[in-house]
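Just so it is clear, none of the values below were taken in a lab; they were calculated from the coordinates. Keep in mind it's a predicted model, so treat the numbers as computed, not measured. Cβ placement follows ideal geometry from the backbone for every residue including glycine, while neighbour counts extend to all protein chains displayed.
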Amino acid sequence: MAERKDTPEQAEFREHCRSWLAENKPAPPSFRLPISAIEVMTEEQRDYLASWQNKVYKAGLIGCDYPSEYGGGGHTNFQAVANQELQRAGVPYLLNIIGLNMAAPTILQHGTEEQKKRMLPPLLSCDEIWCQGFSEPGAGSDLANVQAPAVRDGDNWIINGHKVWTSLAHFATWMIMICRTSSDHKYNGLTYYIVPIADTLGVTVRPLIKITGETGFNEVLFEDVVVPDTLRLDEVGKGWTVAMTTLTYERGAAEGAGSGGGKGMDERLDELIALAKRMKRNGKPAWQDATVRDKIMQLSIRGEGLRQLGRRARVAALCDHPMRLPLQTKVLISEWLQDVAACAVEVEGAYASLYKGDERAPDGGDWPLAYMNSYGFTIAAGTNEVQRNILGERVLGMAKSK
């Protein structure tokens, strides 16, 4: 992503980030890490990544813009700098992605003082992991159709129902969750809760096995789960409004409490080029095939377009609709990642049938795995089909689809 011009204070902070990351970049683990945090499966993976996030937090690179009384750094516009440097350094990604990018900003905006002081510090430090309870078997992209009921019982709420596609639920202490508190109103009948799920009576977490064979996400069942009213976020019936705050951050419309690390777009494209130069096609490197080079060049052009969208998003006069660029970028990035992986699989040819761990698999079997996982990113945060409908109807003013 193109770098904005720093203030003197940001420039000093950037230098701190760079020097700290250079000195503290962890050695690769002896075991395999998945492509992203939402595929983390084992205790070994969790412990390694949680320890790394805790170290990054103590160095001041997480929660930079959050008030100090809630465990943050108390700065303004420092988090984007930290995120850029984490990405540039090629360090591991941050484990508590749902907490940092969705739960934290939602709690900061809608939570009580008690909720902010209790929830945010261990979230930022990764002492407590968070998951998201939005989708249900009958309400995926149609989020307003959520049916899991929450019934008032004095100072408590009794929650039943079934949430699905719940990444990190198997490690989570808390879930951000929307429930139906009234059947009389579709949107105004939803309420938002912070629900404890670790070792909670009535909560069952079941792993879901993906096409990759991994089990990084789950279904979560609730049977008469008691949740104190003190864990309700904002007013009864305001769940849809609060959920829109969560989705705004999930779709990248604003900076959360921390992100970065893992592989960036440039690194991914470089790996694809290196693969094409290594793999043979008709006895010659695939890179010498004009069709392959053209496909990679088109991906490079699209990648540059995405970087320029990032620049445009920082110019208020060019943002004619608050959700246009976030929705557009979410669609374009997820499909770019999918197409990069698809191109790599095509370059590998028959070798793409070899699974991770096979010593003959190019790049350790990473590309076929990335391609299969890429479908999750085109579904998450609202499917790309739904995002296109929103862009057409609410941004461009086109007639509603039937």
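A compact table of results
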| read-out | value |
| --- | --- |
| Charged-residue dipole, Cβ positions (Lys, Arg, Asp, Glu), the chain about Cα centre, Debye nearest 20 | 1280 |
| Listed residues D199, D142, D47, most fluctuating in the chain (Gaussian network, C-alpha, under 10 Å) | D199 |
| Selected from W240, G283, A59, residue furthest toward positive end of dipole (the chain; charges at beta carbon) | G283 |
| HN-Hα J in Hz across region 180-190 - Karplus 6.51, -1.76, 1.60, θ = phi - 60°, x for Gly and Pro | 8, 10, 8, 8, 7, 9, 5, 8, 7, x, 10 |
| Full-extension gain in nm, K5 to T215, via 0.36 nm per residue minus C-alpha separation | 71.4 nm |
| 0 to 90° range, to nearest 10: angle between helix 324-348 axis and the chain longest Cα axis | 40 |
| Amide H contacts of G382 (H built 1.01 Å from N, under 5 Å, at least 5 apart or other chain) | none |
| Region 101-119 residues near the modelled S182 label - backbone nitrogen below 11 Å, point 7 Å along Cα→Cβ | none |
| Within region 1-157: Cβ-based charge dipole about Cα centre, in debye rounded to nearest 20 (Lys, Arg +1; Asp, Glu -1) | 380 |
| Flagged links, alpha-carbon separation over 26 Å, of K58/K263; K55/K277; K5/K263; K55/K116; K186/K210 | K55/K277; K186/K210 |
| Distance in nm between pseudo-label sites at T230 and R278 (7 Å out along the Cβ direction from Cα) | 5.5 |
| Cα convex hull volume per residue for region 8-127 (Å³) | 96 |
| Approximate spin-label separation S30-A316, in nm, with each point projected 7 Å along Cα-to-Cβ | 5.5 |
| For region 327-400: Kirkwood Rh in Å [reciprocal of mean 1/r, alpha carbons] | 13.7 |
| Per-pair calculated FRET efficiency, R0 = 35 Å: E393 and A342 via Cβ, rounded to 0.05 | 0.75 |
| Using distinct alpha-carbon pairs, which all enter the 1/r mean, Kirkwood radius of region 265-395 in Å | 16.2 |
| Rg/Rh for the chain, where both radii come from Cα atoms and Rh is the Kirkwood radius | 0.97 |
| Dipole magnitude (debye, nearest 20) for region 249-402, charges at Cβ of Lys, Arg, Asp, Glu | 420 |
| Gain upon complete extension [Q109, Y355; 0.36 nm per residue less C-alpha separation] | 84.2 nm |
| Relative contact order of region 120-168, defined on C-alpha pairs under 8 angstrom at six or more residues apart (%) | 37 |
| Spatial separation of Cα centroids for region 54-87 and region 138-187, in angstrom | 31 |
| Tail beyond 18 Å, pair distance distribution of region 131-250 (Cα, percent) | 47 |
| Estimated FRET transfer efficiency when R0 is 60 angstrom, pair R293-T241 (beta carbons, to 0.05) | 0.75 |
| Ranked list, fewest to most other Cβ atoms within 10 Å of each Cβ, for M175, M41 | M41, M175 |
| Helix 113-125 axis, angle to the chain major axis (alpha carbon atoms, nearest 10°) | 30 |
| Relative contact order computed over the chain (Cα-Cα under 8 Å; 6+ residues apart), in percent | 15 |
| Folded to 0 to 90 degrees: helix 8-24 orientation relative to the chain principal axis, Cα | 70 |
